[in-house]
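The values are calculated or read from the model by the stated rules, or taken from the named source; none is laboratory data. Worth saying up front: this structure is predicted, and the values here are computed from it rather than measured. Cβ coordinates were reconstructed from backbone atoms using ideal geometry, including for glycine residues, and neighbour counts include every protein chain displayed. Ligands, DNA and RNA are stripped out before the accessible areas are found, and what is left, the full protein with its side chains, is counted by its heavy atoms. Shrake-Rupley method; radii C 1.70, N 1.55, O 1.52, S 1.80 Å.
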Amino acid sequence: MTMKTLLMLCLLATFLLLQTAHAEAAVYASMQKQQSSQSVTLDMQNMTCAMCKFTIKKALQGVEGLEEANVDYDTKTAKVTFNPQKTSVVALIKATTDAGYPATVHQTKQ
């Protein structure tokens with residue numbers, strides 16, 4: 001085996017090891033995010049038009065720890081994902097209430 005071939009094999013092995021390490025790190029980060037995230041659906045009051053969802057979303061985005069907020073005018077709900085170490089459902093509801101849209105935690109029908 002020539003020195004050039006040996007060097008190419010070493011570089012390829014290093015590349016593959018780095019790719020594997022990067023993939024494992026991405027999976028670990030994803031798992032950490034899932035473990036540190038909580039989701040809740042809020043029933044929104046006072047939504048009178050489709051534009052209300054933008055005001056509600058902006059109010060929620062002002063809460064530290066918010067990760068994602070999807071507001072739906074048709075169902076009058078907000079599906080919210082947040083970091084429970086940084087905020088709470090109470091803080092999210094306070095933010096929407098302060099913006100003029102009181103909320104309650106959505107109860108699933110059994």
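Here are a few things to note about the model shown:
- For segment 82-96, the tally of residues that are in contact (Cβ under 8 Å) with a residue 12 or more places away in the chain and open to solvent by 30 Å² or more (accessible area, probe 1.4 Å) stands at 6.
- The residue that is farthest from Val90 (Cα to Cα), among those in segment 35-44 that are touching a helix residue (DSSP H, G or I) at 6+ places or on another chain (Cβ under 9 Å) and open to solvent by less than 70 Å² (accessible area, probe 1.4 Å), is Met44.
- Lys76 among the basic types (Lys, Arg), open to solvent by 70 Å² or more (accessible area, probe 1.4 Å), out of contact with any helix residue (DSSP H, G or I) (no Cβ under 6 Å at 6 or more places or on another chain) and at pLDDT 95 or above: no
- Filtering Val80, Val71 for residues that are of a type in the set (Val, Ile, Thr) and closer than 12 Å to Lys58 by Cα leaves a single hit, Val71.
- Count - residues of segment 45-65 that are of a type in the set (Asp, Glu) and open to solvent by less than 100 Å² (accessible area, probe 1.4 Å): 0
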